[in-house]
1. Between the alpha-carbon centers of region 100-114 and region 27-58, tell me the distance in whole angstrom.
2. Can you give me the solvent accessible area of Met33 with a 1.4 Å probe, rounded to the nearest 10 Å²?
3. Tell me, what ³J(HN,Hα) does each residue in region 75-89 have, in order and in whole Hz, if you take phi through Karplus 6.51 cos²θ - 1.76 cosθ + 1.60 with θ = phi - 60° and put x for Gly and Pro?
4. Among all the lysines, which ones have a C-alpha under 30 Å from Lys163's C-alpha, if same-chain residues fewer than 8 places away are not counted?
5. How much accessible area does Tyr123 have with a 1.4 Å probe, in Å² rounded to the nearest 10?
6. Using a 1.4 Å probe and ignoring any ligands, DNA or RNA, find the accessible area of Ile70 and quote it in Å² to the nearest 10.
7. Quick one: what are the phi-derived ³J(HN,Hα) couplings along region 146-161, Karplus 6.51/-1.76/1.60 with θ = phi - 60°, whole Hz, x for glycine and proline?
8. Given N residues in the chain, what is its alpha carbon radius of gyration divided by 2.2 N^0.38 Å?
Amino acid sequence: LGAGTFFAKLLGAIYRIPLTALIGGVGLGLYQMIFPVYTVLLDFSGAGVPNALSKIIAEKSEQEGYGFFITSVRFFAVIGLVGSLLMACFARPFSILQGNKDAFLGYITLAPAIFFVNLISCYRGFFQGKMNMFPTALSQIIEQTIKLVLGLVLVYIFVPDIKMAVAGATLAISVSE
């Protein structure tokens, strides 16, 4: 798990170099502008899910653990959907309040990630509770690889239009989840 997390973080750091070169400081500022709202919604909807779920799964019998997992997936799917809808519905007001209406598309394309992060958190917690860290490590690496490749491709395609390029980069995050 540690090696997978390290490699995923390394891919994320590598991603920032060409991303910054393609969208410049203004684009990177627009990209970064979206994340405070995103992280608040993520924290509200699914913070600590893998750790809590893994502890509960580890303490339960096979059948009880699986039942708890299914219940968690259903619950956090609803919470994630609400978070995604809130981010999408309030994309324009968030953009205006932050002083840059060009962030609107970035909010819209990043909104689905809240739903998917909630679901993947449940799966990661389930496998960690079963003392199987490989799925979590592999999913982190796959997630970062997709974000890196798809993000750079979409940014490259849209780069003359910075707000579209940023939307492409945030869309890659949603797809990677």
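1. What the calculation gives is 16 Å, centre to centre.
2. Here the accessible area works out near 40 Å².
3. Ordered by residue, 3J(HN,Hα) equals 4, 6, 5, 5, 4, x, 5, 4, x, 5, 5, 4, 5, 5, 5 Hz.
4. Lys9, Lys101, Lys147
5. 110 Å²
6. Ile70 has an accessible surface of roughly 50 Å² with all protein chains in place.
7. Result, rounded to whole Hz: 5, 4, 5, 5, 5, x, 5, 5, 5, 4, 4, 5, 9, 3, x, 9.
8. Details: Rg = 17.2 Å, N = 177, 2.2 N^0.38 = 15.7 Å.
Normalised Rg, Cα atoms only: 1.09.
The values are calculated or read from the model by the stated rules, or taken from the named source; none is laboratory data. Only a predicted model underlies this, so the values are computations on that prediction, with no experimental measurement involved. In case anyone asks, the SASA skips ligands and DNA or RNA and just uses the protein heavy atoms, side chains included. Shrake-Rupley method; radii C 1.70, N 1.55, O 1.52, S 1.80 Å.
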